[in-house]
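Asker: Got a structure for you, written out below as structure tokens; questions coming shortly.
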Amino acid sequence: MRVKSKNILFDLRNREYYHKNYLRRNNLIVRKIICQPGLKFKKTWQKHSKHPISYENHRFYFENFRICYHRSGHGNQPQLLYSLPSCPASQKIEDCLSCVCPLASIPLEHKGYRPHLIALTAHNWLVRYDITTGQPLEQVFLGSPHRYKFKHLAWNLDVQSFFVKSVQCRNQQNEPRNILLCLAFFTVFPLRFTGMLEISRTVFGSDVTDAMISQNCLITMHHGSRVKLYSMEQVIQQGLLHEANLHTHCTELNGVVGSAGVGLPLNIRLRSPPEVLFSVKCADHSVCLGGIPWHYIISKPKEGSIFRVYNLSSQEMVLNGRLEMPGLSIEPDKCMFHADDSGRLLHIGANHLSEVMHCLKEEFEIIPSAYNGKPEIAQVLGDFGFICITHLVFLQPNYTSSGRQVKKKSYSDDAVDCDYASLRHVDYEDDLDIILLTSVTSSNGSYQGRVSLHDNQTGRFLREIELDDPWAECCDYIITLDMDMLVHLIKAPQRHFYCIVYQLQRDETEDDPKAKGRRKSRCNARLPR
């Protein structure tokens, strides 16, 4: 029988003896190393850009996905993988999807199964790039930009199928047309065209305002905070005119599908509205689907941050399905299903109580009731604790020389003169099974960022990471943990974007007193305050 050990050396030895589940063992070893108190995350690299920066699948993307860096490089710094040729603004990349998944075998003859990057350009081209070299693998022309201007890419099912969405159609007088927008959907590995559909006000109602696809469901948004869901399978079956394969001749188009000047055919046309799976009113047209079996989370209009959990099949609210944070808050609360596909719920809020911003995080799980078989919500992890409430100083009242207290009016949106802590971002690291809570504390007008690591299964606090760089109230911050590296993405005013990389290193000043006089890192660039 194998006994769990807290010693990393024993874990390395057991990994050689027991070769099964080696990847899980490696991740547990990295997790133990990260939680060691003697190790710190030190800034090793920083880059600035005038365009948004993204990080996905160990890769950094700059300049509208034109420049790509890999996280593993010389000296713990990212390495440049490729740089696409410069292009005019009319041909720039609008949106991208990263198609990377483990495959048992990769056919060498067909490059459609290799990891790639799907890019949507401003002149309606869909281009597949090799994710390592940046070499174009496949190009598909969607259609004339004068008819439909495609601008958005999103997954329908992760790493299985995606859709391309156009902007809303308007006539020359900038007035709405009968056709709201157009959707084209594809499957990957290899890339295959499924169909193209117009969202018409005649079919879906004159009050339709937007549409998208998710989890094989067509979702339409309407006036009055109404959201409707349709089955994509039924939509295709009801409106499919003909099938079309990429790079093959199509008699309806009198040309090759996806070629320049031809584009894609509009092969799905609805004459009547399909059957509505379910319809619901919710604030901001926000519906979160998930759970086992299927449930959905909504916040009713004019209810603020009060969330309700319903069963998708019966349309009934589950027991204890009303979730609400105590007290008022400056930032809106959030409620979503956990990213680990466990069916649990995350309820996140930043409550402003008196002069301190308490950061609360609760986790729930949907379980069948033992009394009447009706699902109910039971709190399984409880409060994650009052995160980042350390080192807060309460304001003392001011008095004149005669002893009269000086009172000052305070407003609900005035958070300048009070010390508080707020929860800014929540992230889940699936390899290490760790939840990251990014918080900001304010004291005497200065802001400090902290990252706390918690066990995903129990919510147990593992360690806290303090970031040296000062934070500004006017900036947006996103922090992601990728094994032994912290990626800090900053969005500052006037289109300034920063990417800072922190690597896990042992503090040399604790082991060697002479190391205090060594030169500092070169990456100490000045950030906006």
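Asker: Every residue in the stretch 459-485 that is under 18 Å from the mean Cα position of the chain (by Cα) and exposed (fewer than 14 other Cβ atoms within 10 Å of the Cβ), please.
Answerer: 476
Asker: Say we look at the stretch 58-82 and pick out the residues that are over 14 Å from residue 45 (Cα atoms) and among the aliphatic types (A, V, I, L, M); which of these is surrounded by the most Cβ atoms within 10 Å (Cβ to Cβ)?
Answerer: That would be 67.
Asker: Another question about this same structure. Looking only at the stretch 430-446, count how many residues are open to solvent by 10 Å² or more (accessible area, probe 1.4 Å) and modelled with pLDDT of 80 or more.
Answerer: Of the residues in that region, 3 qualify.
Asker: Further question: Tally time: how many residues in the stretch 164-184 are in contact with a Ser or Thr (Cβ under 9 Å, 6 or more places away or on another chain) and closer than 16 Å to residue 95 by Cα?
Answerer: Selection size over the stretch 164-184: 2.
Asker: Kindly check whether there is at least one residue in the stretch 332-352 that is more than 23 Å from the chain's Cα centre (by Cα) and at pLDDT 80 or above.
Answerer: no
Asker: Moving on. Are any residues in the stretch 114-127 under 15 Å from residue 163 (Cα atoms) and touching a Pro at 6+ places or on another chain (Cβ under 7 Å), and if so, which ones?
Answerer: Quick first cut of the stretch 114-127, residues under 15 Å from residue 163 (Cα atoms) only: 117-121, 124-127.
Passing the criteria: 124, 127.
Asker: Given the conditions (1) open to solvent by 80 Å² or more (accessible area, probe 1.4 Å); (2) among the hydrophobic types (A, V, I, L, M, F, W, C); (3) under 29 Å from residue 126 (Cα atoms), report the number of the one that residue 277 does not fulfil.
Answerer: Just one mismatch for residue 277, condition (3).
Asker: Quick check: is even one residue across the stretch 21-44 hydroxyl-bearing (Ser, Thr, Tyr), in contact with an Asp or Glu (Cβ under 9 Å, 6 or more places away or on another chain) and either open to solvent by less than 60 Å² (accessible area, probe 1.4 Å) or at pLDDT 95 or above (or both)?
Answerer: Taking the stretch 21-44 as the starting set, the residues that turn out to be hydroxyl-bearing (Ser, Thr, Tyr) are 22, 44.
Those left that are additionally in contact with an Asp or Glu (Cβ under 9 Å, 6 or more places away or on another chain): none.
For the stretch 21-44, residues hydroxyl-bearing (Ser, Thr, Tyr), in contact with an Asp or Glu (Cβ under 9 Å, 6 or more places away or on another chain) and either open to solvent by less than 60 Å² (accessible area, probe 1.4 Å) or at pLDDT 95 or above (or both): absent.
Asker: Just to be sure I understand, how many residues within the stretch 42-73 are over 18 Å from residue 491 (Cβ atoms) and in a loop (DSSP other than H, G, I, E, B)?
Answerer: 6
The values are calculated or read from the model by the stated rules, or taken from the named source; none is laboratory data. Bear in mind the structure is a predicted one, so any value in this text is a computation, not a measurement. Neighbour counts run over all protein chains shown; Cβ positions are idealised from the backbone, glycine included. Accessible surface areas use protein heavy atoms only, side chains included; no ligands, DNA or RNA. Shrake-Rupley method; radii C 1.70, N 1.55, O 1.52, S 1.80 Å.
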